[in-house]
1. Provide Asp139, Asp115, Asp284, Asp239 in ascending order of the number of other Cβ atoms located within 10 Å of each residue's Cβ, fewest first.
2. Would you mind pulling out the separation of the Cα centroids of the range 191-225 and the range 1-23, in Å?
3. Quickly work out the Glu22-to-Ala219 label distance, labels modelled 7 Å from Cα along the C-beta direction, and quote it in nm with one decimal.
4. Can you show me the helix-derived [θ] at 222 nm for the chain, built from DSSP H runs with n ≥ 4 at -39,500 (n - 2.57) apiece and divided by the number of residues, rounded to the nearest 500.
5. Averaging the inverse of every distinct alpha carbon separation and then flipping it gives the Kirkwood radius. What is it for the chain, in angstrom units?
6. To the nearest 0.05, how large is the calculated FRET efficiency for Ala112 and Asp413 if R₀ is 56 Å and r is the Cβ-Cβ distance?
7. If you stretched the chain out fully between Met422 and Arg141, how much longer would it get, using 0.36 nm times the residue separation minus the C-alpha to C-alpha distance?
8. Considering the dipole of the range 340-438 built from charges on the beta carbon (Lys and Arg +1, Asp and Glu -1) around the Cα centre, which of Ala349, Leu379, Leu408 is farthest to its positive end?
Amino acid sequence: MADFGYDVSDHRDVDPVFGTLEDFDALAAEARRLGLRLILDYIPNHTSDRHPWFRDPARRDWYLWRDEPTNWRSVFGGSAWTRDPASGRFYYHAYLAEQPDLNWRHPAVREAMLDVLRFWIARGADGFRIDALRQLVKDDRFRDNPPNPAWREGDDDYGRVIPRYTTDRPEVAEQVARFRAAVGDERLLIGELYLPFERLVTYYAAGLDMPANFHLLSAAWTAEAIGALVDAYEAALPDGAWPNWVLGNHDRPRLASRVGPEQARVAAMLLLTLRGTPTLYYGDELGLRDVDVDVPRDPWRRRDPARSPMPWDGGPNAGFAPAGAEPWLPLGDGASVADQRADPRSLLALHRALLALRRTEPALWGGGHETVAAGDGVLAYRRGRTHLVVLNLAAERREHPAAGRVALSTGLDRDGEAVAGMLALRGGEGVVLRIAEP
Ligand code: NOJ
């Protein structure tokens, strides 16, 4: 594997690194038993260069070939075209050369890839996260992308050109409609789409349940910036569209490293009190930080620090791998799940308390959102008619006018406290207030 499974060579099997199909079946059965839904990562944009399709001379047109490259760049840097020595022609890859892009204009490609969805549904998938969706269809005239005037030497290579003809093409929406038709209305479809809000939200009508909203990943960590972001998203969402917020993922630095460990608690409260479905990256509930990695595993050489093993307990390899085994990446030094379970005020305990509160207070996931303050470190918003969330993103004490009773505070030490007129917050503290009886 060149990209940890994002280079599929067999769509109907599990790589031995991860296990077997029987392991998958056991996982699906256990998830069902626990009442959990199973969402699989579906990778329609490309396959591995080891996939039999790519090696089959009769299927050349299942991929994208040109005699001469265009100026299209790979997300991972360098030209997105690689020369095939046998034919002298170039094939396109939005990511690694080992990940040739499929030609979604070809009906047989579409049929074969829709069959992949059906295969995994029959095996127990409840939904899919669709990888690299904005890249899926490329310009049929292979026009060069326009140069990016804002690009400077030293910036990310991918940004040299504006990916106008390689991403978010109108035909992507047509494929989403096909995905929806293939999976039916009962399965969840999430799209991996790094797009501005006005483009992102068009994918609801195309057939996605949730175009993933990654904007918090790159937002400045200030009350002003986050308040403006939430308002812009809420304003852009079509009627009835269900929101999504992502605070961390396997492609970006760890949350606790990005915003600082002292802000990890308000970040958790933000994520779990915004309207819609929160996406929480494994280990962020423990406050895991980026880990130093001596031997890079990531072909892009930048994502390993956020992919370290989950520290379950104080045993060998933190319970992630048996004694004597070497985990694929080094373990960090953060407190394990077992440590944090034993500590009633841990970050893990806060996540559990927030999730429990969401369950009993529908206003927190489904109620309307109204930002009431976004400045000088304080972000405050009303959720429905019953709750006010006040977050102090500053390191120092802040005050915010409010009245009600504390339902939960990030320090897990103010439950039930009555607030009459003015709410005082410690640096980095957040509070959910119940402001009225329903
Ligand atoms: C997006 C995935 O999140 C990333 O991890 C992967 O490398 C690329 N797509 C290519 O599939």
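1. Asp239, Asp115, Asp139, Asp284
2. Here the answer is 29 Å between Cα centres.
3. 4.7
4. Computed mean residue ellipticity for the chain: -7000 deg cm²/dmol.
5. One over the average 1/r among Cα pairs gives 23.7 Å for the chain.
6. Approximately 0.50, to the nearest 0.05.
7. Taking 0.36 nm per residue and subtracting the Cα distance, the gain is 95.0 nm.
8. Ala349
Each reported figure results from applying straightforward, stated rules to the coordinates on display, with no laboratory input. The structure presented is a predicted model; accordingly, all values stated were derived computationally and were not measured. Note that we place each Cβ from the backbone using ideal geometry, even for glycine, and neighbour counts take in every protein chain shown.
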